[in-house]
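Here is the structure we will look at, set down as structure tokens.
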Amino acid sequence: DKTGLIWWNVIDCWPQFSDAVVDYYYVRKLAYYYIKQAQQPLSLIVSDPADWHCQLTAVNDRTSPASGDFKVTDLVTGETFAEGEYEVDAESASHVAGFRVSRGEHRMLLIEWDDHGTKSCNHYLLGSPPFKLDQYLDWLGRLDARLYHAMGRHEWKAEGHDR
């Protein structure tokens, strides 16, 4: 069960290269923005494949129910895996949809949803390792373009940082 997140190394204690999400000078690293996106109060997430299927789950940490439209697509080809409406009670998780996949294929799935007029998104890396570095970097570039504002990358750029 992979439903939690632990912030193990939040900040560096001295100038160095590390897995911390904030460096010694209090500059947020790229990982900070991905974690920020993953910890939204309302998020749609994809499970690891089982029996040739992935499950889409809506997780709502708010004190009020949530509902809206969703769509799961291949980031590169635009192929639609699932789309429809979601509904989830307050402070709960709800199964939204299931869709067929092949674990042997390497894909980056884009999960998009509407939350009372606000567009949000998430992503899921489908397939078993190893992944080709060039392919993964291409996906990250495409993902970065799609998630730029949703992840707060405008903050990243405003702080004067590049990748």
Provide a single number: the residues in the range 76-123 that are touching a Phe, Trp or Tyr at 6+ places or on another chain (Cβ under 7 Å), small (Gly, Ala, Ser), farther than 25 Å from Leu140 by Cβ and surrounded by 16 or more Cβ atoms within 10 Å (Cβ to Cβ).
0
Residue list for the range 87-123, filter: touching a Pro at 6+ places or on another chain (Cβ under 8 Å) and of a type in the set (D, E, K, R)
Glu87, Asp89, Arg103
Residue list for the range 48-75, restricted to those being assigned to a loop (DSSP other than H, G, I, E, B) and either polar (S, T, N, Q) or farther than 20 Å from Lys119 by Cα (or both):
Asp48, Pro49, Asp51, Trp52, Thr63, Ser64
Among the residues of the range 129-163, the number that are in a helix (DSSP H, G or I) and at pLDDT 80 or above is 11
Considering the range 12-45 alone, what residues qualify as being surrounded by 13 or more Cβ atoms within 10 Å (Cβ to Cβ), of a type in the set (S, T, N, Q) and assigned to a loop (DSSP other than H, G, I, E, B)?
Ser18, Gln40
Going residue by residue through the range 90-108, is there one that turns out to be among the hydroxyl-bearing types (Ser, Thr, Tyr), under 17 Å from the mean Cα position of the chain (by Cα) and more than 22 Å from Pro129 (Cβ to Cβ)?
no
Give the number of residues within the range 53-63 that are farther than 14 Å from Ser94 by Cα and either among the hydroxyl-bearing types (Ser, Thr, Tyr) or at pLDDT below 95 (or both).
1
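The values are calculated or read from the model by the stated rules, or taken from the named source; none is laboratory data. For clarity, every value in this text was computed on a predicted model and none was experimentally measured. Positions of Cβ are generated from backbone atoms using ideal geometry, with glycine treated the same way; all protein chains shown enter the neighbour counts.
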